[in-house]
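To start, the structure itself, in structure tokens.
The values are calculated or read from the model by the stated rules, or taken from the named source; none is laboratory data. All values derive from a computational prediction rather than experimental measurement. Neighbour counts run over all protein chains shown; Cβ positions are idealised from the backbone, glycine included. Please note that ligands, DNA and RNA were not included when accessible areas were found on the heavy atoms of the full protein model with its side chains. Shrake-Rupley method; radii C 1.70, N 1.55, O 1.52, S 1.80 Å.
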Amino acid sequence: MNRFSYARASAVREALEQRRANGSAVFIAGGTNLVDLLREDVARPATLVDINRLPLKSIEATPGGGLKIGALVTNSALAYDETVAARYPLLAEAILAGASAQIRNVATVGGNLLQRTRCYYFYDAGTACNKREPGTGCPAMDGLNRIHAILGASDQCIAVHPSDLCVALAALDARVHVTGLKGTRALSFAEFHRLPGDTPHIDTNLAEGELITAVELPKEGYAAHHAYVKVRDRASYAFALVSAAVGLELDGDTVAGVRCALGGVAHKPWRDPGAEDSLRGKPLNAATAQDFAGRLLHGARGRSGNAFKIELAARVIVRAFDIAAQRSRGEAAS
Ligand code: SF4
């Protein structure tokens with residue numbers, strides 16, 4: 001592990017200035033991913049700026065009827081918040097499908113958005129990796145790629161984003177509030193994460209030195225018509241091979257609106273608004289769900305170890321629609 005210095009901030013501006021004072025400093029909150037990166041010599045910051053004392057731990061109603069979640073709210077606090085459980089159960093389900101109770105107790109919302117891929121090669125400093133060291137190559141292309149992307153990949157990188165929470169936030173159309181020394185701004189969830197393209201070392205559209213301060217949920221939480229389905233190699237404490245977050249608006253058995261995001265398949269939660277629009281006004285049944293899955297997975301490409309994900313993803317989508325439909329009719333979903 002590289003040697004680093006440690007600083008602690010009590011105010012957002014103080015944290016930003018500490019970050020600016022040292023260009024290779026990084027913020028640390030729960031540290032559940034960053035400590036791994038430090039141990040494996042993947043991250044080599046000169047300074048860690050501890051932001052755990054910043055006043056970003058509240059969950060507040062917004063004037064528009066939504067919810068603003070501070071970036072330092074832990075995953076456990078968010079999943080068990082009464083308002084979230086009642087109005088945004090899709091979010092609570094996705095959180096509780098991820099990690100372990102111990103990790104959820106310290107992992108934060110902001111950190112969850114910034115966690116890095118779990119590609120084996122990325123964590124092995126003895127191998128090439130375009131994400132860790134641009135221009136060195138991508139051994140996953142023809143190597144161990146069971147957990148890798150089937151959508152949105154590039155010839156530089158086929159890594160996936162590992163978060164469960166982010167898949168639900170994408171389906172819910174959350175917004176990400178960030179602040180820097182030049183001011184504050186909000187990004188749609190779709191524009192927050194990036195596809196790898198020819199810059200796979202850049203995961204997000206955060207500008208240099210910016211800090212996530214909150215995530216804002218819109219009013220619609222799809223409480224009655226939702227499902228989060230996650231398929232993984234172990235029953236718990238494992239990242240998704242494929243996951244799907246679905247929110248439905250139904251008029252009887254007809255789809256009035258749909259949101260569907262996939263996890264485990266791309267460098268960011270995967271959505272296709274065109275596919276979602278195509279389902280509006282149609283009856284919700286296995287055939288229309290299967291047709292939607294085909295549209296959402298259009299262009300999917302498998303490799304030696306992960307081609308199974310294409311069929312798996314289609315099945316996960318159909319299953320998620322089925323659960324959401326059962327719930328919408330007040331039936332017990334299992
Ligand atoms: Fe690195 Fe991406 Fe290739 Fe993995 S898939 S080895 S993270 S470049």
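Residue under question is Arg87, and the condition is that it be out of contact with any Cys (no Cβ under 7 Å at 6 or more places or on another chain) and farther than 28 Å from Ala244 by Cα; does it hold? In short, no. Ser188 passes every criterion in (1) within 18 Å of Arg271 (Cβ to Cβ); (2) surrounded by fewer than 17 Cβ atoms within 10 Å (Cβ to Cβ); (3) within 10 Å of the ligand (Cβ to nearest atom) apart from (3).
Applying the condition of being among the aliphatic types (A, V, I, L, M) and either open to solvent by 20 Å² or more (accessible area, probe 1.4 Å) or outside any strand (DSSP E or B) (or both) to segment 168-185 and asking which residue is farthest from Cys157 (Cα to Cα) yields Leu181. The number of residues in segment 128-158 being in contact with an Asp or Glu (Cβ under 7 Å, 6 or more places away or on another chain) and near the ligand (Cβ under 7 Å from one of its atoms) comes to 1. When you scan segment 269-279, do you find a residue that is open to solvent by 70 Å² or more (accessible area, probe 1.4 Å) and modelled with pLDDT of 95 or more, even just one? For segment 269-279, residues open to solvent by 70 Å² or more (accessible area, probe 1.4 Å) and modelled with pLDDT of 95 or more: present. Of the residues making up segment 127-171, those that are touching a residue at least 40 places away in the same chain (Cβ under 8 Å) and of a type in the set (Ser, Thr, Tyr) number 2. Exactly one residue among Ile202, Ile103, Ile150 is assigned to a loop (DSSP other than H, G, I, E, B), within 26 Å of Ser236 (Cβ to Cβ), at pLDDT 95 or above and among the hydrophobic types (A, V, I, L, M, F, W, C), and that residue is Ile150. Is it true that some residue in segment 197-217 is open to solvent by 60 Å² or more (accessible area, probe 1.4 Å), farther than 28 Å from Ala15 by Cβ and under 18 Å from the mean Cα position of the chain (by Cα)? For segment 197-217, residues open to solvent by 60 Å² or more (accessible area, probe 1.4 Å), farther than 28 Å from Ala15 by Cβ and under 18 Å from the mean Cα position of the chain (by Cα): absent. Checked against the criterion of being open to solvent by less than 20 Å² (accessible area, probe 1.4 Å), touching a Phe, Trp or Tyr at 6+ places or on another chain (Cβ under 8 Å) and of a type outside the set (Asp, Glu), segment 119-136 contains one or more residues that satisfy it.
Restricting segment 222-244 to residues that are within 17 Å of the chain's Cα centre (by Cα) and either modelled with pLDDT under 95 or outside any strand (DSSP E or B) (or both) leaves a set whose member that is surrounded by the fewest Cβ atoms within 10 Å (Cβ to Cβ) is Tyr237. Scan segment 60-77 for residues that are free of Cβ contacts under 8 Å to residues at least 60 places away in the same chain and under 19 Å from the mean Cα position of the chain (by Cα) and jot them down. Across segment 60-77, the qualifying residues are Leu72, Val73, Thr74, Ser76, Ala77. Looking across segment 40-95, the residues that are farther than 23 Å from Arg13 by Cβ, hydroxyl-bearing (Ser, Thr, Tyr) and either touching a helix residue (DSSP H, G or I) at 6+ places or on another chain (Cβ under 7 Å) or assigned to a strand (DSSP E or B) (or both) come down to Thr74, Ser76.
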